Amino acid sequence: MSSESRVKNTRSQILLTIVIVPTLLLAAATAIIGYNLILSSLSQQVEKEMMTTAAMTADTIDAIFPGDYKLVDDGGLRLYKGETDITQDNELVDRPKGITDLEVSLIYKDTRILTTIKDKYDSRIVGTGLADQVNQKLGTSEEGILYKKTLINKSNYFTYYYPLFNSDGSFAGALEICYPHDRVSILAWRPVMIITGMILAVMILLVYLIYVNSSGTDKALKKLIKFTEDAEAGHDGVELDQEILARDDEYGIIAQSVVKMHRSLRDMMDKDALTKLYNRRSANRMLDLVRSHYESDGIPYSIAIGDIDFFKKFNDTYGHDVGDEVLMIVASILQKNMMPIGFASRWGGEEFLLVFDRMELTAAVKKLHEIADEIREQELDYDGNTIKITMSFGIASRPELDQDDLIKIADEKLYEAKENGRNRIVADITEEAQ
């Protein structure tokens, strides 16, 4: 799994979440609450205006045309107010509309006689009926009826019905005052959208600032996690970006601590605690790498296994402290000589594995003799005694074989060296050399 997929919540992502989520919730709450508050306020204004317009229109009609409303059938139905036929007098409804922008209709009983509402063909919808329930309520109402949403001509309106009565108290009809519901909604949305837009603009600015300031830390964090992933996977030569190590913030401190911890853990896992040479596990891994060079490019290599002669005698005669000192002396010589040409590892107990990278058997044997000679020159003084150190080695170079088989051959040659007197080198398919 990549570091990008594992890093689900970087600091910038957390900060962005902290900013974006509350801001979006604030914007949504502002939009919903603001819309409803403004819509309620506008609705109240429209309602008052409709009621005022209805009363003034009714008073104007009564003043201009005194008398009762009556329907006369003289070959065609006509509505009279007193002695005047007002059926075609659209000015009675057009004038208040021109002043208030409200839709005005004069309804006799349950039928629109005059109206400013027009259909899609620009024709007035006269002759259309009024809902029975509205008509029944109007017959018993003196103050009028207000509806927040009424479907008229396939459109929703705020509607106020102002009842009209004749002089004998009989119900004559009503003035219907309407205002399109969509217009009020649009008017309510405008300030809400402006405020919401300002909130979102502030959010975008904050997001940008967070992104700019946190992108560097996110990259550092991902590199740090990538380093720990590679280290966990055991990749050789894994290094942490120096730019992160040079940071003077918490990421730089963490990075330096992680690198130190990685090195310590790597030494604990890969190195023998006493000799500081590679242990058997890491030696096998490194040997796999050496063998891969042969498999891909045909580069030869040689393997030697060495054993400290009479090591048990050192422990039994002088104690384990002397035995440990002998191990460290030998390890130091092996490490120094093998570092440029391969590596040395503690294979187990007093046994050591030497891998000569890019060296055929002849060259490896020559170098091994130099190492053995340097070990022979060592003297360890203990309690008035001079302790001499020698080693026996078996060496082989058959890179085409499986590495376990090759190690087995080297081990067999080491056995021959020990059986033939120790303090010598036995090479595979060569005469014994000392």
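No value in this document is a laboratory result; all are computed from the given coordinates. It should be emphasised that the depicted structure is a prediction, and the values quoted were computed from it without experimental measurement. All Cβ positions, glycine included, derive from the backbone under ideal geometry; neighbour counts span all protein chains shown.
Structure notes:
- Of the residues 394, 369, 319, the one whose Cα sits farthest toward the positive end of the charge dipole of the range 315-406, with +1 on the Cβ of Lys and Arg and -1 on the Cβ of Asp and Glu, is 369.
- Derived from the Cα gyration tensor, the three semi-axes of the equivalent ellipsoid of the range 13-187 are 42, 16, 14 Å, largest first.
- Only beta bridges with both residues in the range 271-427 are counted; by DSSP, about 85 percent of them are antiparallel.
- Computed about the Cα centre, the dipole magnitude for the range 271-427 is approximately 200 debye when only Lys and Arg (+1) and Asp and Glu (-1) carry charge, each at its Cβ.
- Projecting the Cα atoms of 421, 152, 340 onto the dipole axis of the chain, where Lys and Arg carry +1 and Asp and Glu carry -1 at the beta carbon, places 152 farthest toward the positive end.
- Summarising the label geometry, the points placed 7 Å from Cα in the beta-carbon direction at residue 382 and residue 88 lie 13.7 nm from one another.
- Net dipole in debye of the chain [+1 Lys, Arg Cβ; -1 Asp, Glu Cβ; about Cα centre; nearest 20]: 1160 debye
- Calculated FRET value between residue 280 and residue 189, using beta carbons and R₀ = 56 Å, to 0.05: 0.15
- In summary, the helical segments of the chain meeting the span-like criteria, namely a full DSSP H run, a Cα extent along the axis of 20 angstrom or more and a mean Kyte-Doolittle hydropathy of at least -0.5, are 11-64, 181-233, 250-270, 320-338, 361-376.
- Computed lengthening from residue 52 to residue 32, 0.36 nm per intervening residue step minus Cα-Cα distance: 4.2 nm
- Environment charge at residue 305 (Cβ cut-off 13 Å; Lys +1, Arg +1, Asp -1, Glu -1): -3
- Rounded Å value of the spacing that divides the Cα centres of the range 284-328 and the range 124-171: 108 Å
- Spacing of the modelled spin labels on residue 370 and residue 204, each 7 Å from Cα toward Cβ, amounts to 7.2 nm.
- Calculated mean residue ellipticity, 222 nm, the chain: -18500 deg cm²/dmol, from DSSP H runs (n ≥ 4) at -39500 (n - 2.57) each, averaged per residue and rounded to 500.
- Taking 1.306 mPa s as the viscosity and 10 °C as the temperature, the Stokes-Einstein diffusion coefficient of the chain based on its alpha-carbon Kirkwood radius rounds to 50 µm²/s.
- Total formal charge among the other residues, if their Cβ is under 13 angstrom from that of residue 80, Lys/Arg +1 and Asp/Glu -1: -3
- If you take all other residues with their beta carbon under 14 Å from the beta carbon of residue 388, and give Lys and Arg +1 and Asp and Glu -1, the sum is -4.
- Exposed-loop-free span, longest in the chain, where trypsin sites (Lys or Arg not before Pro) count as exposed if DSSP calls them loop and at most 12 other C-beta atoms lie within 10 Å: 155-434
- Test item: Cα-centred dipole of the range 13-187, Lys/Arg +1 and Asp/Glu -1 on Cβ, debye: 780 debye
- The Rg/Rh ratio for the range 271-427, using Cα coordinates for both the radius of gyration and the Kirkwood hydrodynamic radius, is 0.98.
- Here the chain is scanned for GluC sites (Glu not before Pro) in DSSP loops (not H, G, I, E, B) that have at most 14 other Cβ atoms within 10 Å, and the longest stretch holding none of them is 240-359.
- Ordering 105, 63, 90 by Cα displacement along the dipole of the range 13-187 toward the positive end leaves 105 in first place; charges were set at the Cβ atoms of Lys, Arg (+1) and Asp, Glu (-1).
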